[in-house]
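The values are calculated or read from the model by the stated rules, or taken from the named source; none is laboratory data. If you're wondering where the values come from, they're calculated on a predicted model, not measured in any experiment. Note: ideal-geometry Cβ built from the backbone for every residue, glycine included; neighbour counts use all protein chains shown.
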Amino acid sequence: MTQCSKLDVNLRQMIIAIETAVSLVGMNDTNHGKRVGYIASQLGQQLGFSDEEIQFLFDLGLLHDCGVSTEQMHAHIVNHFDWCDAHIHCEIGYRLLKDFEPLCAFAVPILYHHTPWEKLNKLNVSMLDARMANLIFLADRIDVLAATHYESDILFAKEEIVKSITHYKGTYFDPKIVHAFHQVERSEAFWIALESRHITRYTWDMSQFKNNRLISLAQLKQLSSIMAYIVDQKSPFTAQHSQGVASLAHYIASSLGLLDEQCDKIEVAGLLHDLGKLHVPDNILGKPGPLNEIERAIMNQHSYETYEILRHINGLEDIACWAAFHHEGLNGLGYPFHPQKQELSVEARIVAVADIFQALVQDRPYRKGMQLDEVIDILDGFVKSGKLDGDIVKHAKQHAAVCFEIAQGSRK
Ligand SMILES: [Fe+2]
Ligand SMILES: [Fe+2]
Ligand SMILES: [Fe+2]
């Protein structure tokens with residue numbers, strides 16, 4: 001496959017992967033985007049939207065918070081009906097998607113998904129985008145108000161929720177959308193469907209919807225860069241880490257003589273390898289010292305989370321494994337799957353070396369980035385202990401200066 005060849009991927013499955021990654025930020029509430037998508041699509045149906053627009057609303061709900069990487073931002077979203085910095089995650093989400101052709105139609109509604117209707121309808125935004133944005137705003141606020149009542153007294157609490165939403169009719173929300181909400185909310189099924197068991201099932205059904213698109217490998221890299229940006233944003237200490245690992249892995253693979261297609265896919269695995277870190281609390285990721293045993297136990301779940309996010313995307317099965325195996329050792333002492341040595345492909349081994357190399361070069365909360373000789377000493381130690389592949393490390397050492405520059409981000 002060359003840069004021009006296309007991958008047949010299900011775009012909905014990729015969108016669900018983005019939502020799954022972003023929803024890990026809140027730790028305890030992993031279905032916000034799914035519920036917002038469900039609520040918005042139900043309201044769209046009531047408003048007489050076309051099937052295509054209803055599908056769009058579900059995806060928009062899944063994507064609407066893609067600008068949220070930190071728990072602090074997530075806490076605001078969950079705990080406040082409105083707050084002055086709400087626009088920040090809207091703008092980040094907009095910027096992430098606006099230049100990515102397969103998802104660029106979602107950018108404008110995301111930009112305005114916290115803009116009150118009375119302001120929004122005076123802006124130079126198409127009526128359809130404004131309505132999509134406001135539907136998401138309303139769905140989002142319903143979910144925030146309802147969140148503590150799922151699995152318990154939601155049918156009792158719904159009356160108060162309806163009252164709160166109605167209070168903002170004409171100011172925060174388009175009266176037509178509020179009217180549609182009044183129609184939809186009468187059905188108990190609408191509310192019960194929001195419970196975790198049901199919404200997860202519903203999303204699974206929606207993931208089977210035939211929404212396949214041929215995307216180029218270049219577009220896959222662009223999408224993976226978006227996802228890498230979301231995770232790298234989580235902490236100043238991980239900024240550029242995924243991008244650095246990806247570039248370094250690509251360089252090592254290419255200088256080892258692997259095929260272009262393989263190198264590009266390894267780069268994608270590098271971009272995606274730490275997606276599961278969105279699940280790690282900010283205070284552990286940014287701790288200015290070594291992790292204790294409990295914190296380490298929490299941190300060590302992240303590569304499994306990466307696997308869970310990626311494994312549902314048809315066509316990316318191999319990349320999901322290379323990404324998720326980045327902490328596995330050839331000696332079986334890594335985590336979390338402990339594959340046999342022969343199950344660790346050259347692609348996975350390259351990503352593992354690139355991950356350690358880049359992390360050592362980068363500043364961490366508890367130490368400065370290391371110099372090349374220190375990095376080499378540590379890599380040699382890992383070869384000796386049987387963790388890393390000796391041939392790949394030897395190769396990286398032969399190109400040590402270039403690898404170091406790439407890991408530092410000073411060479412493109
Ligand atoms: Fe939200
Ligand atoms: Fe990792
Ligand atoms: Fe990493």
Note on segment 164-223: residues assigned to a helix (DSSP H, G or I), hydroxyl-bearing (S, T, Y) and at pLDDT 90 or above are S164, T166, S196, T200, Y202, T203
Picking from I376, I350, the residue that is closer than 30 Å to R12 by Cα and touching a helix residue (DSSP H, G or I) at 6+ places or on another chain (Cβ under 7 Å) would be I350
Counting only residues in segment 347-371 that are touching an Asp or Glu at 6+ places or on another chain (Cβ under 9 Å) and under 19 Å from Y307 (Cβ atoms), the one nearest to ligand 3 (Cβ to nearest atom) is identified as D355
Exactly one of K210, K221 is farther than 29 Å from L360 by Cα, away from ligand 2 (no atom under 15 Å from the Cβ) and of a type outside the set (V, I, T), and that residue is K210
Q.
Against the condition without any contact (Cβ under 8 Å) to a residue 12 or more places away in the chain and within 15 Å of ligand 3 (Cβ to nearest atom), how does A246 come out, does it pass?
A. no
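For every residue, the table says whether it meets (1) more than 18 Å from the chain's Cα centre (by Cα); (2) within 13 Å of ligand 2 (Cβ to nearest atom); (3) within 20 Å of Q262 (Cα to Cα); (4) at pLDDT 95 or above.
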position: Y304; (1), (2), (3), (4): no, yes, no, yes
position: R311; (1), (2), (3), (4): no, no, yes, no
position: A324; (1), (2), (3), (4): no, yes, yes, yes
position: L330; (1), (2), (3), (4): yes, no, no, yes
position: P336; (1), (2), (3), (4): yes, yes, no, yes
Of L258, L223, the only residue that is within 21 Å of D59 (Cα to Cα), more than 16 Å from ligand 1 (Cβ to nearest atom) and in contact with a helix residue (DSSP H, G or I) (Cβ under 9 Å, 6 or more places away or on another chain) is L223
Note on segment 236-247: residues under 16 Å from the mean Cα position of the chain (by Cα) and either at pLDDT 90 or above or over 17 Å from T306 (Cα atoms) (or both) are A239, Q240, H241, S242, Q243
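Out of K169, K158, K163, report the one residue that is touching a residue at least 12 places away in the same chain (Cβ under 8 Å) and basic (K, R).
Details: K169 fails: touching a residue at least 12 places away in the same chain (Cβ under 8 Å); K163 fails: touching a residue at least 12 places away in the same chain (Cβ under 8 Å).
From the options K169, K158, K163, the qualifying one is K158.
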Here the qualifying pairs (Cβ atoms under 9 Å; residues six or more apart or on different chains; first in segment 392-411 and modelled with pLDDT of 95 or more; second acidic (D, E)) come out as V393/D380; K397/D380
Checking F190, F181, F237, F173 in turn, the sole residue that is aromatic (F, W, Y) and within 16 Å of ligand 2 (Cβ to nearest atom) turns out to be F237
When G381 is run through (1) surrounded by 12 or more Cβ atoms within 10 Å (Cβ to Cβ); (2) more than 19 Å from the chain's Cα centre (by Cα); (3) modelled with pLDDT of 95 or more, the failure sits at (1)
Picking from L316, L278, the residue that is within 16 Å of ligand 1 (Cβ to nearest atom), in the same structural domain as A352 (by TED's automatic domain parsing) and surrounded by 23 or more Cβ atoms within 10 Å (Cβ to Cβ) would be L278
The residue that is farthest from the chain's Cα centre (by Cα), considering only those in segment 137-163 that are among the aromatic types (F, W, Y) and part of a helix (DSSP H, G or I), is F156
Of the residues in segment 96-106 that are touching a residue at least 12 places away in the same chain (Cβ under 8 Å) and in a helix (DSSP H, G or I), the one that is surrounded by the fewest Cβ atoms within 10 Å (Cβ to Cβ) is E101
Over segment 211-233, the set of residues charged (D, E, K, R) and either free of Cβ contacts under 8 Å to residues at least 12 places away in the same chain or buried (at least 22 other Cβ atoms within 10 Å of the Cβ) (or both) is D232
Requested in this report: Could you check, for segment 365-373, whether at least one of its residues is among the hydrophobic types (A, V, I, L, M, F, W, C) and either closer than 30 Å to I15 by Cβ or part of a helix (DSSP H, G or I) (or both)?
Outcome: yes
